[in-house]
Amino acid sequence: MRIRILGCSGGACDDLRTTALLLDQATLIDCGTGVGDLTLEQMAGIRHVFLTHSHLDHVLFLPLLSDAALTLRNGSLTVHALPETIAALRAHLLNGVLWPDYANLPTPDNPYIRFEPVAVGTPIRFDNFRITPLPALHTVPAVGYLIENSHGSFAFSGDTTYCEAFWDALNRADRLKYVMVETTMRDTDHAVAECSRHTTPSLLAHGMARLRQPAHLLITHIEPDKVAEVRAEIRAALGNTPVHFLQRGEEFDL
C-alpha cells in the first residue's frame, strides 16, 4: 500500500492544505483541502472516505469530491464515520442549503453518497487491508484510524488531545511502522489547546513515553503561524526521539 499525504496542515494558505490521506488510489482518510489537488480522474477513482470527525478542515471537500465525478463514478461514494459525524454532515452540510442532500439524491436507493457508521475498535475489512477506528478526545466525537496490511500498520490520531486509550491501542497493533500525530499548538498555548482539545509538544511527549514499540513518528496539523515554534518545542520535548514533520505530497509505503 502507498499512503500519500495530500494535506497535513492546521490551516489552508499558499502551498498548505488541510488534512487528507490517500490510500493507494481508492480510499481517503479525511477530506480536507488537499483533495482538491487530485485530478478529475483520480477523484472518480475514490470509492471510500473515512472521516475522523465533523470539523470543516477535515470534511470541506467531501461534497466537492462527490460532485466533481458524478458521471464518472460508477456507484455511490461510501463515507465511513461515527454516527455523530454522519448526523452533523446531514444536518449542517448535505442539508439542501449549503449543499444538495447527496445522501438521498438522485434517489434514496441509489444516492451519490452512502453513509456507513463506524465504531471504535471495530475493523472495516478490504481485500488487502483493514482500517480500525481508534479512540480520540476532541471537542466533537472523533476517532483516529489504524491502517493494517500484511506488511505492517500505520496509525493516525486525527484531532485529539492526549488520549491514553489511543496510545494503548497502538501498543496492541501488529508491526507498527508509522504513528502520525497532530501537534497543533505550542505549550505556551496550553489554555487554548485544553479548550480546543488539541495536542501540544509536552502532551505528545507524554504519549510517546507510553508507546512500548518502535515506530516512525510523523507530525501533522501544526497551525501555519506557529510552525517554527511548535517544531522547536517538539524537538526539545522529545529529546533524542527521531521525529519527521510531514509535508504535503510525501508518500509512505506499507
- Item | Among residues of segment 226-251, those that are β-branched (Val, Ile, Thr) and not in a helix (DSSP H, G or I), counted | 2
- Return a yes/no flag: does segment 137-146 have any residue that is within 19 Å of the chain's Cα centre (by Cα), closer than 20 Å to Leu21 by Cα, buried (at least 21 other Cβ atoms within 10 Å of the Cβ) and among the aromatic types (Phe, Trp, Tyr). yes
- Message: Tally up the residues in segment 6-33 that are under 16 Å from Phe245 (Cβ atoms), of a type in the set (A, V, I, L, M, F, W, C) and modelled with pLDDT under 95, please.
- Response: 0
- Task: Test Tyr178 against the criterion of being under 24 Å from Asp57 (Cα atoms), part of a loop (DSSP other than H, G, I, E, B), under 17 Å from the mean Cα position of the chain (by Cα) and of a type in the set (Phe, Trp, Tyr), and give yes or no.
- Result: no
- Message: Among the residues of segment 156-170, are any part of a strand (DSSP E or B), among the hydroxyl-bearing types (Ser, Thr, Tyr) and on the phi < 0 side of the Ramachandran plot?
- Response: no
- Task: Determine which member of the set Gly32, Gly36 is over 19 Å from Phe154 (Cα atoms) and crowded, with 24+ Cβ neighbours inside 10 Å.
- Result: Gly32
- Task: Mind counting the residues in segment 201-254 that are more than 23 Å from Ile29 (Cβ to Cβ), polar (S, T, N, Q) and under 22 Å from the mean Cα position of the chain (by Cα)?
- Result: 1
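Listed here are the residues, each with its yes/no results for (1) part of a loop (DSSP other than H, G, I, E, B); (2) more than 23 Å from Asp127 (Cβ to Cβ); (3) in contact (Cβ under 8 Å) with a residue 12 or more places away in the chain.
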residue	(1), (2), (3)
Gly11	yes, yes, yes
Leu28	no, no, yes
Ile46	yes, no, yes
His53	yes, yes, yes
Leu65	no, no, yes
Thr85	no, yes, yes
Arg90	no, yes, yes
Asn95	yes, yes, no
Asn104	yes, yes, no
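The values are calculated or read from the model by the stated rules, or taken from the named source; none is laboratory data. Just so it is clear, the structure is predicted and the values come from calculations on it, not from any experiment. Using ideal geometry, Cβ is built from the backbone for each residue, glycine included, and neighbour counts are taken over all protein chains shown.
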